[in-house]
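Below is one structure, written out as C-alpha cells, with a few remarks after it.
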Amino acid sequence: MDEQWLSEAKRLSIWLDDFLRDLIVDKFPQSRAEDIRQFLPPYVPLIFGFVVLAFLAFKLFRWWRPKKTDLERRVEELTKALDAQNHRNAPDAPSPTAETLAQRDAAIRDLATSRTPTDAEAVRDIEAGDIKAAIAALERGAQADMAQATANMAQAAAKWRRLGALVYDIDMAKAKNAYEQAFALDATDFSGAIFLARLRQQAGDLNGALNAADAARTAAGTTREQMTAHSDLGDLHILKGDLKAARRLFQDGLDLAQALARDTPTSALAKRDLSLSFNKLGDVAQQEGDLKAARRFYQHGLDLHQALARDNPTSAQAKRDLSVSFNKLGEVARQEGDLKAARRFYQDDLDLAQALARDNPTSAEAKRDLSVSYEKLGEVAQQEGDLKAARRLFQHGLDLRQALARDNPTSAEAKRDLSVSFNKLGDVARQEGDLKAARRFYQDDLDLAQALARDNPTSALAKRDLSLSYEKLGEVARREGDLKAARRWFQDRLDLAQALARDNPTSALAKRDLSVSYEKLGDVAADQGDIAGAIAWYERSLPLARQLAADSPSHPGFRDDLAITERILAALKARR
C-alpha cells in the first residue's frame, strides 16, 4: 500500500512539474524558454501543488460542511429578535443569568417547533419586532388550554411558564403574571416556583416570595435545584430581618454546593456556585457584626473567583465576580477601621469595573458597577477625612447614575441608586458645613425616595429609604437651629420605623432604626430644654438597645449603641 501511494505521488509531482513549467515557459519567447525551463527551481511545482490541493480541500469542506437545519435557523432568528426587544424595552436589566438564559432558550425552541395557531402567530410577531402582539397571542393560547378540560391544566401551566421565560428580561410585569398563572395551575414545577419567587420579591411581596420559594424547595429534584432554593430563601429571610434563619439556609446551601464541587471538580459552574455560597454566609456574618467570620467567608469566595478568572481570562462574568469579591472584602476592612486595606480592595474593584465598562460601553450593568466602585472609594476618603476626594468620587458616581436614570426613566433601581448618590453628596456637604447644599442634595434624595415608596407601597426597602431621607433633612434642620422642622422630620421618620418594626418583628435592623428614631426626637427635646421629654424618649430606646446587644453579643455596633444610649441617658438624668 505504501509503495502504491508513493508511486501515485511521484506521478502527480511529475505532472505538476510539467504543467507549471509549460505554463510559465509559454509566457516567454521561444528563445528564452529553454533557459527558463533549465533554471526553474525544482520545488516550485511542489509548492504550487500544495496550494492547489489546499484550495480544493477548502472547496470540499465548504461543500460538505453541515448545513443549519430550518429549526436551527428559526431558533437563531427568534433569539436575535428577543435580544433586540430586551435591549429596547429593558435596557436597565442586568445581564441574564445562566438560569434565565437556559429557560429562555428552551422556551424559544419549544415555540419554534410548535404547530398551534397562536404559537405560529407569536413567532411571526416576534420576528416582526412586535413583542406586545406576541405576548397577547401566547396569552390567548394559554387561556384557551385553561378553558378546556382539567387534563390540559399541566399543558396550560407549561405554556404560561414558557411565556414567562420568553419575556423575563423584557417585561417583568408580564413575566410575573405568566408565572402567577402557571403557579396557580401547577405549584410543583421548580423553575416556575423559583422564578415567581424572584419576581414577587422584585415587586416587594416578600411573604408571597417566601411562599413560592418554599414551593421551589419542595419541588427541587436535583442537588443544584436544592442549593438554589436554599440560597433564594436565605436572601428573602435577610430582607425580612431574620438573620438566624438566613444563616441556617445558606449553610445548607453551602453544604450542597460543596457536594457538587466534589462530584464535578472540573466544573466552572460548580466552583462559581460554591464561591457564591461562601459570599452569602459572609453577608450574614457581616450584618451580624462578626467581621472576622465575614472576612474568612469572603476570602474563600475570592480564592475561587481568582482561580475562575485565571482559567477564563476573557470571561466578563468571571471578572465581575472577582470585582464583587474585592468589594466585599473592602467593606469588611472599612468596618474594621483598616482603611488602607479597604482602599486597596476597592481600587482593585475599580480597576476591574473600569475595564468591564470599557469593554461593554453600552452595558447598564457595567456602568452601575462602576458607579458603585467610585462610591466605595468615596466612603473610604470620607472616613479618612479627605472630603474633597470623597466629593469628587461621589460626583463621578452621580454622573453615571444620572445618565442611567435618563436612559431608563422607569427603572426603580436607577432611581434608588440616584437617591443614594444625592444622599452621599449631602453627607459630605453637611460635614463641610455647607448646610444649604446639604439640604438641596437631601431634598433631591427625598423626592426620589417618596416616588419609589408611592410606586412600591408594599416594599420595606422603599419605606426604610424614605425614613432615612426624613432623618437626613431633620439633621440639617437641627444644625440650622430650626428645631420645629427637625422635630417634624424626625416624627415622620419614627412613624415609618414603627410600621416597619411591626411588620418585621424579628428584624434587628428594624429594631435599631426604631431605637435611633426615639433618640433623634430625644435630642430635639433636649435642645429645646425639655429634659423630661428627652429622658422619656431615651428610656423608650434603651430596652431596644439592650435587646439588640444581648441578641448579638459579638456585634460591635450594637454594643457601642447601647453604651452611647446609657451614657446620654445618664447625662440627661443628671441635668434634671
For this session: Within region 519-535, which residues have the backbone N less than 13 Å from the label spot 7 Å out from K573 along Cα→beta-carbon, could you tell me?
Result: 535
Seminar exercise, completed: Here the relative contact order (percent) of region 409-514, from C-alpha pairs under 8 Å and at least 6 apart, is 19
Exercise. For region 181-291, what's the relative contact order in percent, using C-alpha pairs closer than 8 Å and at least 6 residues apart?
Worked result: 19
Problem set entry | Within the accessible area of region 453-521 (1.4 Å probe), percent carbon and sulfur | 49
Problem set entry | Using a Förster distance of 25 Å, the FRET efficiency for T218-Q143 (Cβ separation, nearest 0.05) | 0.35
Exercise. Per 10 Å bin from zero, what fraction in whole % of the C-alpha pairs of region 256-395 is there, up to the bin with the longest pair?
Worked result: 13, 37, 35, 13, 2, 0
Exercise. Can you give the convex hull volume per residue for the Cα atoms of region 387-471, as a whole number of Å³?
Worked result: 77
For this session: Could you tell me which of the pairs K244/K367; K292/K319; K319/K463; K240/K292; K240/K367 are separated by over 31 angstrom between their Cα atoms in the structure shown?
Result: K244/K367; K319/K463
Problem set entry | Accessible area expressed per residue, region 412-453, with surrounding protein chains retained (probe 1.4 Å, Å²) | 40
Exercise. Quick one: accessible area per residue over region 131-217, 1.4 Å probe, rounded to a whole number of Å²?
Worked result: 38
Problem set entry | Spacing of the two label points (7 Å from each Cα toward its C-beta) at R310 and T266, in nm | 1.9
Problem set entry | Relative contact order, percent, region 323-463 [alpha-carbon distance under 8 Å, six or more residues apart] | 15
Exercise. How big is Rg to Rh over region 500-576, alpha-carbon atoms, Rh as the Kirkwood inverse-mean-distance radius?
Worked result: 1.00
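In region 106-181, what percent of the accessible surface is made up of carbon and sulfur (1.4 Å probe, ligands and nucleic acids excluded)? Numbers along the way, then the final one.
Values: 1790 of 3370 Å².
Using a 1.4 Å probe with all protein chains present, region 106-181 comes out at 53 percent carbon and sulfur.
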For this session: May I ask for the distance between the Cα centers of region 530-576 and region 270-324, given as a whole number of Å?
Result: 37
For this session: Leaving out ligands and nucleic acids, note down the accessible area per residue over region 533-576 with a 1.4 angstrom probe, in whole Å².
Result: 56
For this session: Please give the direction-averaged projected area of the C-alpha convex hull for region 413-521, in square nanometres with one decimal.
Result: 6.4
Exercise. Distances over 15 Å make up what percent of all Cα-Cα pairs in region 336-430?
Worked result: 59
For this session: Provide the FRET efficiency to the nearest 0.05 for the K132-Q299 pair, computing r from the beta carbons and using R0 = 51 Å.
Result: 0.60
Exercise. Stokes-Einstein D for region 113-200 at 37 °C, 0.692 mPa s, Kirkwood Rh over Cα pairs, in µm²/s?
Worked result: 255
Exercise. Region 187-280: D in µm²/s via Stokes-Einstein (Kirkwood Rh, Cα pairs, 20 °C, 1.002 mPa s)?
Worked result: 163
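The values are calculated or read from the model by the stated rules, or taken from the named source; none is laboratory data. Source: prediction; values computed, not measured. Please note: Cβ atoms are built from the backbone with ideal geometry, for glycine as well, and neighbour counts cover all protein chains shown. Ligands, DNA and RNA are excluded from the accessible area calculation, which covers all protein heavy atoms including side chains. Shrake-Rupley method; radii C 1.70, N 1.55, O 1.52, S 1.80 Å.
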